[in-house]
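Undergrad: Quick one: structure below, then a few questions.
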Amino acid sequence: MQLRTKIVALAVVPLLLALVLVTLAVRYQERDLALRERTLIEQSHMAQRRSELRSYVALALSTVQPLYDSGRHDEATRAEALRRLAALDYGNDGYFFVYDLQGRSLMHSRQPDLVGRSLWELRDAQGRYTIQDLLRGAQQPGGGFVEYEWRKPSSAQLAPKLGYVTLLPRWGWMVGTGLYLDDIQATLSVMDRQMNANVAATLLWIAGIAALCLAAVSAAGLLLNLSEHRTAEAKLRLLARRVVQSQEDERGHLARELHDGTSQALVGVKLQIESYVDALGAPAPPPALAKALQRLHAALAEVRGLSHRLRPALLDQLGLPAALERLAQEFDDQGGIQAEAVVEGVPRDLPAEAKTALFRVAQEALTNVHKHAAGAHRVTLALRFDAASVHLSVHDDGQGFDVQAVQVDARRGIGLRNMRERMAAVGGQLHLHSEPGATSIEAELPVPP
């Protein structure tokens, strides 16, 4: 793993861990707070309902209290008391009911069909004995509260209900009323939905902050990576230029040594042999000397050609156009393929590294034509000067080749890669196009005027 990747990982992992822990803590705290608020609200509503029920039952008892305290316990008195209780209500679902101690309904203003029926064994949906629980609650000192399920008059559906009952012992009655709790459940459900929405919104905010932080870290890592990449690329390009320049310096040194040293020594030997032949006064030199002179001429030509290929003097003395014309002339002299050099635009002096790079591209291109351009009859070197760049193209009419296959094959195209790298080292570009009958290599190098 690279150092930049390690830095980014060390920045991202603790951030993600911290955000996950914060998310879990916030979720737990909000859930706990929601549960507490729900409990407080439910307790508050229930306490309010209990107080209301006590008041309603006290009001109901006050209407029958004169009859109950009159000492009359006949049926007429009781019937009047039941009539008064039946006339009392508070809203669509607020009413009073009366049962005897055996669970028989004596009065029920909303369900008169129950009057006279024994509901001792009546159970709700949870299996609780409703009337029996009410009677046990009524027998407590001061009355009692009982939760059960009963049909709600306004909706005709079963709903949870909180009842408050008390006894009239001399008559053997259980008097009570109740408030339905489904509205409390609806309120708590709305509150639960709001709490869940708040939790979800908080988690979304945390996720958004996490995304922004990750984006910031990623962007910083990307910028760091790009900066390091550009720096490394600049250093690599500079190193490549230094390597190329070092190679050219070494080539120039070898060319000068061959031209000024080896070539001059061979010329001296040649002159001495020719002087010796003249001193003999023979019409023709001996066969051995004639053969030595022939080999000496060949060696001298080879040394001069090698010196020129290493670093042509024309490139430094007369410039790139003259060096390319000489290169094309030498290639044409080899026979087999005609070569010519064409200069377009107004020639101007170029930096040494630019001249060298373009000349080496031309050299390598002609070498590839000589080795690989089967069926080629003509090759053209075109040098064009523009306002801010110089272009070199080498075009031949050979059979062409598969450019993609050559570029992906590591064992082939070494010369093409060298040309591309040489141009990249001086800030230029190399383009290659090949098809049957036309292959061109184009080198473009920005050169300020």
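The values are calculated or read from the model by the stated rules, or taken from the named source; none is laboratory data. A quick note: this is a predicted structure, and the numbers were derived from the prediction, not measured. Neighbour counts are summed over all protein chains in view; Cβ atoms, including those assigned to glycine, are modelled from backbone coordinates with ideal geometry. Only protein heavy atoms, including side chains, enter the accessible area calculation; ligands, DNA and RNA are left aside. Shrake-Rupley method; radii C 1.70, N 1.55, O 1.52, S 1.80 Å.
Undergrad: Among the candidates Gln43, Gln65, Gln29, which residue alone is open to solvent by 40 Å² or more (accessible area, probe 1.4 Å), of a type in the set (S, T, N, Q) and under 30 Å from Val217 (Cα atoms)?
TA: Answer to the selection: Gln29.
Undergrad: For residues that are over 17 Å from Met174 (Cβ atoms) and free of Cβ contacts under 8 Å to residues at least 24 places away in the same chain, scanning just the stretch 80-98, find the one that is most open to solvent (accessible area, probe 1.4 Å).
TA: Per the criteria, the residue is Arg83.
Undergrad: I've got another one for you. Within the stretch 180-191, can one find any residue that is in a strand (DSSP E or B) and either open to solvent by less than 50 Å² (accessible area, probe 1.4 Å) or of a type in the set (Phe, Trp, Tyr) (or both)?
TA: Step one: list which residues in the stretch 180-191 are in a strand (DSSP E or B), which gives 180.
Subset that is either open to solvent by less than 50 Å² (accessible area, probe 1.4 Å) or of a type in the set (Phe, Trp, Tyr) (or both): 180.
Yes; the residues of the stretch 180-191 include at least one that is in a strand (DSSP E or B) and either open to solvent by less than 50 Å² (accessible area, probe 1.4 Å) or of a type in the set (Phe, Trp, Tyr) (or both).
Undergrad: Now for a different question. How many residues are part of a loop (DSSP other than H, G, I, E, B) and either within 19 Å of Tyr180 (Cα to Cα) or in contact (Cβ under 8 Å) with a residue 60 or more places away in the chain (or both) if we restrict to the stretch 133-163?
TA: So the count comes out to 5.
Undergrad: Before we move on, is Glu274 open to solvent by 50 Å² or more (accessible area, probe 1.4 Å), among the charged types (D, E, K, R), touching a helix residue (DSSP H, G or I) at 6+ places or on another chain (Cβ under 9 Å) and assigned to a strand (DSSP E or B)?
TA: Criteria not met by Glu274.
Undergrad: Shifting gears a bit: Give the number of residues within the stretch 116-132 that are open to solvent by less than 70 Å² (accessible area, probe 1.4 Å) and either in a strand (DSSP E or B) or closer than 16 Å to Asp100 by Cβ (or both).
TA: The qualifying residues number 7.
Undergrad: I need every pair where a residue in the stretch 42-58 that is farther than 22 Å from Ala86 by Cα and in contact (Cβ under 8 Å) with a residue 12 or more places away in the chain has its Cβ under 8 Å from the Cβ of a residue that is part of a helix (DSSP H, G or I) and open to solvent by 50 Å² or more (accessible area, probe 1.4 Å), sequence separation at least 6 or different chains.
TA: Correct list of pairs: His45/Thr187.
Undergrad: For the stretch 421-449, give me each residue that is at pLDDT below 85, within 17 Å of Ala234 (Cα to Cα) and either open to solvent by 20 Å² or more (accessible area, probe 1.4 Å) or assigned to a strand (DSSP E or B) (or both).
TA: Glu421, Arg422, Ala424, Val426, Gly427
Undergrad: Could you list, in sequence order, all residues of the stretch 68-79 that are touching a residue at least 60 places away in the same chain (Cβ under 8 Å) and loosely packed, with under 14 Cβ neighbours inside 10 Å?
TA: His73
Undergrad: Return a yes/no flag: does the stretch 226-248 have any residue that is surrounded by 12 or more Cβ atoms within 10 Å (Cβ to Cβ), at pLDDT 70 or above, farther than 24 Å from Lys355 by Cβ and in contact with a helix residue (DSSP H, G or I) (Cβ under 9 Å, 6 or more places away or on another chain).
TA: Yes, the stretch 226-248 contains at least one residue that is surrounded by 12 or more Cβ atoms within 10 Å (Cβ to Cβ), at pLDDT 70 or above, farther than 24 Å from Lys355 by Cβ and in contact with a helix residue (DSSP H, G or I) (Cβ under 9 Å, 6 or more places away or on another chain).
Undergrad: For Gly336, state whether it is modelled with pLDDT under 85, surrounded by 15 or more Cβ atoms within 10 Å (Cβ to Cβ) and either over 49 Å from the mean Cα position of the chain (by Cα) or not acidic (Asp, Glu) (or both).
TA: no
Undergrad: Just give me the residues in the stretch 105-115 being crowded, with 16+ Cβ neighbours inside 10 Å and either basic (Lys, Arg) or touching a residue at least 12 places away in the same chain (Cβ under 8 Å) (or both), in sequence order. Spell out the reasoning first.
TA: At the first step, the residues of the stretch 105-115 found to be crowded, with 16+ Cβ neighbours inside 10 Å are 105-110, 114-115.
Answer for the stretch 105-115, where residues must be crowded, with 16+ Cβ neighbours inside 10 Å and either basic (Lys, Arg) or touching a residue at least 12 places away in the same chain (Cβ under 8 Å) (or both): Ser105, Leu106, Met107, His108, Ser109, Arg110.
Undergrad: Starting from the stretch 212-225, take each residue that is at pLDDT 75 or above and list its partners that are of a type in the set (A, V, I, L, M, F, W, C), counting only C-beta distances under 7 angstrom and pairs at least six apart or across chains.
TA: That search, which allows pairs on different chains as well, returns Cys213/Leu15; Leu214/Val12.
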